[in-house]
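Laboratory data are not the source of any read-out in this text; all were calculated from the coordinates shown. This structure is a prediction, so every number in the text was calculated from the model and none was measured. Reconstructed Cβ throughout: ideal geometry from the backbone, glycine too, with neighbour counts over all protein chains shown.
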There are 2 protein chains.
Amino acid sequence: MSANKAEGPATASAERMVTMDKLVNLCKRRGIVFPASDIYGGLGSTWDYGPLGVELKRNVKDAWWREMVTTRTDVVGLDSAILQHPRTWEASGHLQNFTDPLVDCKGCKQRFRADQVQGGRCPECGGELTEARSFNLMFKTFVGPVEDSASVVYLRPETAQGIFLDFAALVDTQRVKLPFGVAQIGKSFRNEITPGNFIFRTREFEQMEMEYFIKPDPAEETPWFDYWVDRRFNWYVGYGVRREHVRLRPHCADELSHYSRGTTDIEYLYPFGWGELEGVAKRGSFDLDQHARYSGKDLTYFDEEARTRYRPWVIEPAAGVDRAMLAFLLDAYDEDVVEGEERIVLRLDPRLAPIKVAVFPLLRKGGQPEKAQGVLQTLQRYFTSVYDQAGSIGRRYRRQDEVGTPFGITIDHQTMEDDTVTLRDRDSTQQLRFKIGALAAELTERIGLHR
Amino acid sequence: MSANKAEGPATASAERMVTMDKLVNLCKRRGIVFPASDIYGGLGSTWDYGPLGVELKRNVKDAWWREMVTTRTDVVGLDSAILQHPRTWEASGHLQNFTDPLVDCKGCKQRFRADQVQGGRCPECGGELTEARSFNLMFKTFVGPVEDSASVVYLRPETAQGIFLDFAALVDTQRVKLPFGVAQIGKSFRNEITPGNFIFRTREFEQMEMEYFIKPDPAEETPWFDYWVDRRFNWYVGYGVRREHVRLRPHCADELSHYSRGTTDIEYLYPFGWGELEGVAKRGSFDLDQHARYSGKDLTYFDEEARTRYRPWVIEPAAGVDRAMLAFLLDAYDEDVVEGEERIVLRLDPRLAPIKVAVFPLLRKGGQPEKAQGVLQTLQRYFTSVYDQAGSIGRRYRRQDEVGTPFGITIDHQTMEDDTVTLRDRDSTQQLRFKIGALAAELTERIGLHR
């Protein structure tokens, strides 16, 4: 295990330039993340991903999918529905256990989370509070034209249950053998009482979850659990999260979810402190047991070697797309001085960068813009690419630096003579000349898409 | 305009092998699309995309994104929230107009769509029916811990409104100039009374919508509308939908949506008849006008050339991911005879195929499996690839043919001597020999990912 098990520092290192304010401002100013429904005053911690944010998000999801599905032979993908049969949540325990304790003020009638109220009196009016009662965090809605209890369904609070519901169908159709995993990416919804910290905690969010099915045996469980904790830890580091900003934190017995036999959080040092980035849980056979019981269906797996049937145990690495994005953005954020000028630069891994390459004509004459447009059209077939001819070349570089574009191609006087261009590197700001015909291969290698 | 404006044939051509039953069975048997919540008896036309379906869906979305965003300079992407401020739907007109007329039976209390009940008496018990009243198709839920009218929000019934809400933020941050488009892909929800026909009409579905903003001038509107109808029509044909199975159908005045100045549907000939595949609508400035009125915000665009402000008009090509998948699958489905044996083959465009390449050792000995695993590992870095060593080579080919895998690589005795393999083409079933080191480039070219 190469992951960092020691306690991390209590606060970020002194050199860390980024604050939440700086990042939120950059995200808003450049269209990475906007407050959603903003023209109507917003809707409590909902966010829209702008033109650059949507590309970053796509890249984060693709990187996870590549790591967890397409470069492996033991994991398959799934995309299950958000609206599932309501029995799902009875069986999974979410209807009963996925709750926060709430209290009401008998005076002003406001409602608060019980664990956030001190001394039994209302923080707003000082009135007396009711006993705490459970508030379920699932959003409910009604299918069909009649709003009654028979038609209630819930927006899924996790993608995982879709995988368990399809377990038998997957085993029947996919010729999978233990150990194997099922991965999916999709929206989940939790009616959080206190969302906040930008995209860290939101009511609508996107998950990347994988259920890894193993033999029901602690001797299999421990090494696979360690394996996945390690793989997931190193995935973040491999895509640019700084090793000193991540740590592992095993859950105490009293904070374990109702389905878990043991959970370790991969925590990240956000500017507001350590917080969850991903949880890796030992779910045992809890979910398959429950769904077998509630559905009456056979959810066993036939072990051909042992000639026996059993319900497998599960290791679940559950990540959040939005939190991963936040961590990558925070650790990419930097400020430095280039040629005597201050700049903001997002040092994103080129594989995650929203735009891979920007194409600039040095001058708006001499055929340079037309030549640059030709280069753009070729490169767009391979990479997300933009064209910019507005302002000084230095200013155009800065504009790309602060959204993390790793490469800039400049068409200049020499291009018109020998068909070479300069390729500028975002981090070193160094420039090298290449033939236009060699650019696609050179950039593919530098971006590292097939690494 | 090269699109087919004439009426298409009333039914499919006689050679069409596919029926809905055949396709649904194949999808279920091979894990392309499963009935969702199946172990609990299902949940009215919800579907899960299995390991192959999720890859096909990703490819359809990527193909659209590439066509509409990344290979263009005039369109940017967006990913806005599903939960939006409820005023959104007052302004957009959905709260008032997005309804179906329903009637209740005074006897058995069942509810029906008024336009599907004949003669004013209940089709179940013959009882008397109430007058029709409007039933809104939006799913509603409650944000925060109190279920009252102040906390009601709706699951978006279309992705488009997120684009209009962000219009000012996009204009402010993206340096866009008219004409420009904003594209997004995401889930939408409609509480349909009569969903059905497999993934054709479902309550939860995924949309690919683009709002193309133009000057508010009919002389701009007509050519841009024709341009987008044509582009979208040819996108389907370019990815494998047969030209004779698509047609254009302009909406009559009485079926236009409340926001539309004119709509043309791109219709597809499903086995159950002609039906909508995509709608291209002239939304004018309806949405920006309404949101400006309801929010009090300035949603104008400053035209630098004309030195004037106005709210742009909009052309909207709105496609469904699930319907596009259905059309691609239907037109890919074929049955033929190869070497005296019947086979099912999905002739999917290689760019859409869930798996690009399957790697087979001819024999399970002589080092062939190890060699094949090595080839797999290399190819997995570039393409979705699978390994199969179970059963005769002919049977393994068939298994891939019926899920549309365009290429098969076989490692045989000769491979162990000269490092060449055979590359088999799904459609022609012809085989050619290549050096292993040349495979990635050869397959990239044949798949046509950068075309």
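Quick notes on this one:
- Label point at B:THR429 placed 7 Å out along Cα→Cβ; residues across region B:324-367 whose backbone nitrogen lies under 16 Å: B:334-347
- For region A:53-90, the residues whose backbone nitrogen is under 19 Å from a point 7 Å from the Cα of A:GLU304, taken along Cα to Cβ, are A:73-76.
- Label point of B:LEU256 set 7 angstrom out along Cα-Cβ; within region B:226-245, amide nitrogens under 16 Å from it belong to B:226.
- Sorting A:ARG247, B:ARG343, B:ARG121 from the fewest to the most surrounding beta carbons within 10 angstrom yields B:ARG121, B:ARG343, A:ARG247.
- Close amide H contacts of A:GLY77 (hydrogens built in the peptide plane, cut-off under 5 Å, sequence separation of 5 or more or a different chain): A:ALA183.
- Spatial extent of region A:347-391: Rg and Dmax, with the Cα atoms as the point set, Å: 11.6, 35
- Average other protein chain Cβ within 10 Å of Cβ, residues B:381-388: 3
- For region A:244-335, chymotrypsin sites (Phe, Trp or Tyr not before Pro) meeting the loop criterion (DSSP other than H, G, I, E, B) and having at most 13 other Cβ atoms within 10 Å: A:PHE272.
- Ranked list, fewest to most other Cβ atoms within 10 Å of each Cβ, for B:VAL152, A:VAL246: B:VAL152, A:VAL246
- Summed side-chain charge close to B:ARG293 - residues other than B:ARG293 whose Cβ falls under 14 Å, Lys, Arg +1, Asp, Glu -1: -1
- Antiparallel content of DSSP bridges confined to region A:355-447, in %, to 5: 55 percent
- Across region A:355-447, the relative contact order, built from alpha-carbon pairs under 8 Å that are at least six residues apart, equals 29 percent.
- Other-copy label distances relative to A:ARG243, 7 angstrom Cα-Cβ extension, nm: 6.0
- Folded to 0 to 90 degrees: helix B:321-332 orientation relative to chain B principal axis, Cα: 40 degrees
- Our Cα-only numbers for region B:114-253 put the radius of gyration and Dmax at 20.7, 63 Å.
- As a length-normalised measure over Cα pairs under 8 Å and 6 or more apart, the relative contact order of chain B settles at 14 percent.
- Peptide B:209-222 has a mean of 0 when you count, residue by residue, the C-beta atoms of other protein chains within 10 Å of its C-beta.
- Selected from B:VAL229, A:VAL280, A:ILE315, residue furthest toward positive end of dipole (the protein assembly as shown; charges at beta carbon): B:VAL229
- Helix content alone sets the calculated 222 nm mean residue ellipticity of chain A: runs of n ≥ 4 DSSP H residues at -39500 (n - 2.57) each, divided across all residues, give -8500 deg cm²/dmol.
- Dipole magnitude of chain A, debye to nearest 20 (Cβ charges: Lys/Arg +1, Asp/Glu -1, about Cα centre): 680 debye
- Cβ-defined net charge surrounding A:THR159, 10 Å radius [Lys, Arg +1; Asp, Glu -1]: -3
- Peptide A:71-78, shielding by other chains (average Cβ, 10 Å cutoff): 5
- With N as its number of residues, chain A has a Cα radius of gyration that, divided by 2.2 N^0.38 Å, comes to 1.13.
- In this label model, B:GLU445 and A:THR99 are separated by 6.6 nm, measuring between points 7 Å along each Cα→Cβ vector.
- Inter-centroid distance (Cα atoms) of region A:21-65 relative to region B:181-243, Å: 24 Å
- Net charge, B:GLY181 excluded, C-beta distance under 9 Å - Lys, Arg +1, Asp, Glu -1: -1
- Taking all C-alpha pairs of the protein assembly as shown, those more than 43 Å from each other amount to 34 percent.
- Between helix B:218-238 and chain B: long-axis angle, C-alpha atoms, 0 to 90°, nearest 10: 30 degrees
- Burial order of peptide ranges A:409-418, B:129-138, A:68-77 (average beta-carbon count within 10 Å, highest first): A:68-77, A:409-418, B:129-138
- If you wrap the Cα atoms of region B:288-444 in a convex hull and average its projected area over all directions, you get 15.2 nm².
- Computed with the Debye formula from one identical point scatterer per Cα of region A:355-447, without solvent, the log10 of I(q)/I(0) at q = 0.11, 0.15, 0.21, 0.23 Å⁻¹ comes to -0.25, -0.48, -1.00, -1.23.
- Near A:VAL359, the amide H atoms lying under 5 Å from its own belong to A:VAL386, A:TYR387, A:ASP388, A:ILE409; only residues 5 or more places off or on other chains count, and H is placed 1.01 Å from N.
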